[in-house]
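Comments concern the structure below.
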Amino acid sequence: GKVGKTMAKRVFLIVLDSVGIGEEPDAAAYGDEGSNTLRACWQSGKLSVPNLQRLGLYNIEGVGCGEAVERPLGAFARMRESSAGKDTTIGHWEIAGIISPKPMPTYPDGFPPEIIREYERLTGRGVLCNRPYSGTQVIHDFGREHEETGALIVYTSADSVFQVAAHERVVPVKQLYEYCEAARKLLQGEHGVGRVIARPFEGSWPDYRRTSNRHDFSLTPPRDTILDKLRAAGLDTIGVGKIYDIFAGKGISQTSRIQNNEDGMEQTIAWAKKEFHGLCFVNLVDFDMVYGHRNDVPGYTAALNRFDEQLGELLPLLREDDVLMITADHGCDPSTPSTDHSREYVPLLLYGKEIAAGRDLGTRPTFADTGETAAALLGVDAGCDGESLCPLVLARG
């Protein structure tokens, strides 16, 4: 990570979680032909994102919707995912410079017996369920037996997750977290699931309720990302929202939790008013979690419109030596029958005094170019899996 000429003092990198812009060439292998998350919102007739439009969102190659502007204020690109997979973790790791050739493991038939046996040995408790299940249904179906026996409810989903549900009266939250730490240590390598999730609940059958004490134990990135390289160069790496969890804290100097997208943007706007030197990395998860997975087109569209309004508040706060980058980590088309993520290209918009307005960067082979560019703008040659776009996007370049 040698330090070169600095183009920016602060970079704001905002990930619009799941805002894909059309199927990738291998979408069929993922069951995602025809997916285009942005177009689904645009076709509702209610999408109004004038700030993103001015930056060049609809000028991006193959975007398939919206109206291009004659003179975009930003540089823009279509980013292709090089990793195997279409989840948040793998998408963000690639943005930050790690291409994952293998997808994270999923367990449509539950976890193998040897894993469950070892987990029972580590916790001294039995295991119930062990298959993909709805989180609310699983406590209804197994909660009574769990209360009677003290056995842990272990289940998964379409995602790479190992979830452990327990009643707060049977297993105190602190102890449940310890059991999840044990699962996290156990689930490495071949069985390295993206997340182990503690799912505490309360109440009595049949009226159990999940509590707010959920906690995610993420897989640590297998090697250094641009975040580690920026830290090593003495720069700030600020995570807003899920960023800290996605990277298991690796390479993050400061973090703040958010309530929702709107709060996430308010915190980003607050950072724009403060002094720091480095990267402010933001994840806005509602697009995916609240609207995409629930196939809620009107909700998704309204959330994009609201983001665009808040983007309008952020833009005037950017200083001469700031660069704004806006991208996404995968798709989650709310108009297709599937409620899962979709294998899509994502947008990249770059904006700042140093950035050549209207520069069309075409399609890039990996999300990793995004992080490499962010680091290079801050004067750090990260040397991760991507290539810096600086030679192409700098106004003087």
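Among the candidates V380, V323, V346, V393, the residue that is touching a Phe, Trp or Tyr at 6+ places or on another chain (Cβ under 8 Å), β-branched (V, I, T) and more than 25 Å from D87 (Cβ to Cβ) is uniquely V323.
Residue under question is Y291, and the condition is that it be in a helix (DSSP H, G or I), closer than 29 Å to A40 by Cα, open to solvent by 40 Å² or more (accessible area, probe 1.4 Å) and at pLDDT 95 or above; does it hold? It is true that Y291 is in a helix (DSSP H, G or I), closer than 29 Å to A40 by Cα, open to solvent by 40 Å² or more (accessible area, probe 1.4 Å) and at pLDDT 95 or above. Total residues in the range 49-76 satisfying the condition of being open to solvent by 50 Å² or more (accessible area, probe 1.4 Å), under 18 Å from E309 (Cβ atoms) and in a loop (DSSP other than H, G, I, E, B): the figure is 1. The set of residues in the range 192-203 that are open to solvent by 30 Å² or more (accessible area, probe 1.4 Å) and within 18 Å of P221 (Cβ to Cβ) contains only R195. Within the range 198-249, the set of residues being charged (D, E, K, R) and either modelled with pLDDT under 95 or assigned to a loop (DSSP other than H, G, I, E, B) (or both) comprises D207, R214, D216, R223, D224, K242, D245. Cβ-Cβ below 7 Å, separation at least six or inter-chain, first residue in the range 268-288 and closer than 21 Å to T6 by Cβ, second of a type in the set (K, R) and surrounded by fewer than 21 Cβ atoms within 10 Å (Cβ to Cβ): which pairs? Correct list of pairs: H277/K9.
Those residues that are under 22 Å from L311 (Cα atoms) and out of contact with any helix residue (DSSP H, G or I) (no Cβ under 6 Å at 6 or more places or on another chain), I need them from the range 20-39; list them, please. Correct list: T37, L38, R39. Looking across G239, G251, one residue alone is under 14 Å from I14 (Cα atoms), among the small types (G, A, S) and touching a strand residue (DSSP E or B) at 6+ places or on another chain (Cβ under 8 Å). It is G239.
The values are calculated or read from the model by the stated rules, or taken from the named source; none is laboratory data. Small disclaimer: the values here were computed from a predicted structure and weren't measured. So basically every Cβ, Gly included, is an ideal-geometry build from the backbone, and we count neighbours across all protein chains shown. All accessible areas refer to the heavy atoms of the entire protein, side chains included, with ligands and DNA or RNA removed. Shrake-Rupley method; radii C 1.70, N 1.55, O 1.52, S 1.80 Å.
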